[in-house]
Amino acid sequence: MIKTALIIVDVQYDFLPPDGSLAVPDGQAVLPVIQDLLDKTKWDWPVIIASQDYHPSGHISFASSHPPNEAFSKKTIRDARGKEYEQTLWPDHCVQGTKGAEIDSSVRGALELWGGTVKVVRKGTHLRLEAYSAFEGYITEATTTELVRYLRSMEVEKVAIVGLATDFCVLQTALSALSASFETTIIAPAVRGISEADTNEAFDKLKSLGGKIIGRQGTSWEQ
Ligand code: VGL
Ligand code: ZN
């Protein structure tokens, strides 16, 4: 039996309408679909990863850290590794210890039923490093364990990715999964993006790299 891990990306209050500081349009639409995927009577995931964007205040990606630049503008910056790149500047979001950084309670409640099957991965925890991909984070209770190594140790060969936002963290998580040679599927009804154009571009890019984008058919998830 080929093992598939479910990766739930950044389903946190700051990415959810109506109150999130970086609310993804229609982001709440992913919640019932993710609830369904976490229904133990229907699904038998051997591994579930829940990623959590988890920034210190003053994070390098926040517009407020680069006055007078505005949120959603871009700026060329140099990060802690000396890498120079164009960063999209964001409103402050997912600040460690705040309500906005918490995973939605309906998802958290459903995850609790899966016990040790679930690992939480926190990312973006370094003040001067951006991290969109769940593969750039660390499993919280074993800070030296990287996600690729963990999934390989669990003999996972496929990943199914859901969550927010399609054009940033979902995209980058899927690109990481593909480059680590996991068979990679995005469950389209369970993702939403910040920009429609970028979301379509993300789907095209993933398809061109061998990722699968699937929707719902009947009672199962099929292509
Ligand atoms: C995300 C922007 C900034 C995401 C995280 O989860 O897609 N987007 N930080
Ligand atoms: Zn972030």
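Just so it is clear, none of the values below were taken in a lab; they were calculated from the coordinates. From a predicted model like this one, the values you see are computed outputs, not experimental measurements. A quick note on method: Cβ atoms are made from the backbone with ideal geometry, for glycine too, and the neighbour counts reach across all protein chains shown.
For the reader, a short list of remarks on this structure follows.
- Most positive-pole-ward Cα, 125, 175, 185, against dipole of the range 79-186 from beta carbon charges: 125
- Footprinting exposure proxy for 146, 86 (fewest neighbouring C-beta atoms within 10 Å first): 86, 146
- Cα-based equivalent ellipsoid, the range 91-155: semi-axes from gyration tensor eigenvalues, Å: 21, 19, 9
- In the range 1-95, the trypsin sites (Lys or Arg not before Pro) that fall in loop regions by DSSP, at most 13 other Cβ within 10 Å: 40, 42, 81, 83
- Entries of 99/123; 83/158; 42/205; 40/123; 3/123 with Cα pairs more than 21 Å apart: 83/158; 42/205; 40/123; 3/123
- For the range 1-142, the fraction of alpha-carbon pairs lying more than 23 Å apart is 39 percent, rounded to a whole number.
- Distance between the pseudo-spin-label points of residue 181 and residue 74 (7 Å out from Cα toward the beta carbon): 3.3 nm.
- By DSSP, the beta bridges lying fully in the range 1-141 are antiparallel in about 40 percent of cases.
- Centroid-to-centroid separation of the range 185-217 and the range 41-57 [C-alpha atoms, Å]: 19
- Interatomic Cα distance distribution for the range 68-223, bins of 10 angstrom, percent: 9, 34, 40, 15, 2, 0
- Charge context of residue 102, other residues only, Cβ under 13 angstrom, K/R +1, D/E -1: -2
- Order of 65, 181, 133 under a 10 Å beta carbon neighbour criterion, fewest first: 181, 65, 133
- Our estimate of slack between residue 204 and residue 81, defined as 0.36 nm per intervening residue step minus the Cα-Cα distance, is 41.3 nm.
- Annotation: for a label point projected 7 angstrom from Cα along Cα→Cβ of residue 197, residues of the range 77-105 with backbone N closer than 16 Å are 88.
- Bridge orientation summary for the range 82-199: considering DSSP beta bridges with both residues in this region, about 35 percent are antiparallel.
- Ranked 51, 106, 73, criterion: other C-beta atoms within 10 Å, fewest first: 73, 106, 51
- Charge dipole magnitude, Cβ of K and R +1, D and E -1 - the chain, Cα centre, debye nearest 20: 500
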